[in-house]
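Just below is one structure, and these are the notes that go with it.
The values are calculated or read from the model by the stated rules, or taken from the named source; none is laboratory data. Small disclaimer: the values here were computed from a predicted structure and weren't measured. When we count neighbours, we look across all protein chains shown, and the Cβ atoms used for this are built from the backbone with ideal geometry, even at glycine. Note: accessible area is taken over every heavy atom of the protein model, side chains too, but ligands, DNA and RNA are not part of it. Shrake-Rupley method; radii C 1.70, N 1.55, O 1.52, S 1.80 Å.
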Amino acid sequence: MKREESNKSISQAKTLFRFYWILVLLLFAVPEQLMAQRPTPAFKVKAGFLYNFTQFVDWPPSAFNSADTPFIIGIMGDEDLAAYMEELVRNERIGERPIQVRRVYNRSQALQSNMLFIDSQAERPEKEIFTEAGKKGILTVGDSENFTRWGGIIRFYTENSKIRFEINTASAQAAKLRISSKLLSLAKIYRQGE
């Protein structure tokens, strides 16, 4: 009888030991799978949009000094976005133009961009920057609630946990930027007074 109890205890201990090993293995395997299911960080989604905007917007020739002048994406205020954007566009070109990402800290630097992203956490831009950017053919993009109302061209917003975008077509026309009908069909169109 004691031998049967001993064998039963050993069998239970082995079963328990196997259970713990399986549990340990699952603990190391599951986080990798869970990470694959985590939502993509907003800055990565925005970076993808910014890159794709370059494919669906035509800039006026006056926006560039020469045919091989780099295409500058200025990022004001979001370091994660800037770092990821640099990685995303490394060795990418728009036609013959290499794409460069620059961190922007002031108005003068902002106005050297072809596309300018202004993060909602950055200092609120002066209204004049939108007018000046428009004269230089700069596509302004931001995520402040009033961005398009202030004169910005594209505003990111969140709806049903997804990042969407709104386009101020009047500001785009004033900047002499031609936005593809494909891009416009995906956007909410901003209308003054709404």
So in the range 91-110, with the set limited to residues that are out of contact with any Asp or Glu (no Cβ under 7 Å at 6 or more places or on another chain) and closer than 14 Å to residue 54 by Cβ, which one is most open to solvent (accessible area, probe 1.4 Å)? 93
Just to confirm my filter: which strands (runs of 3 or more DSSP E) fall fully inside the range 139-194 and include at least 2 residues that are open to solvent by less than 10 Å² (accessible area, probe 1.4 Å) and in contact with a Gly (Cβ under 7 Å, 6 or more places away or on another chain)? 139-142
Please work out if residue 131 is in a helix (DSSP H, G or I), open to solvent by 40 Å² or more (accessible area, probe 1.4 Å) and under 21 Å from residue 179 (Cβ atoms). yes
Looking only at residues in the range 65-89 that are part of a loop (DSSP other than H, G, I, E, B) and either farther than 15 Å from residue 99 by Cβ or aliphatic (A, V, I, L, M) (or both), which one is least open to solvent (accessible area, probe 1.4 Å)? 78
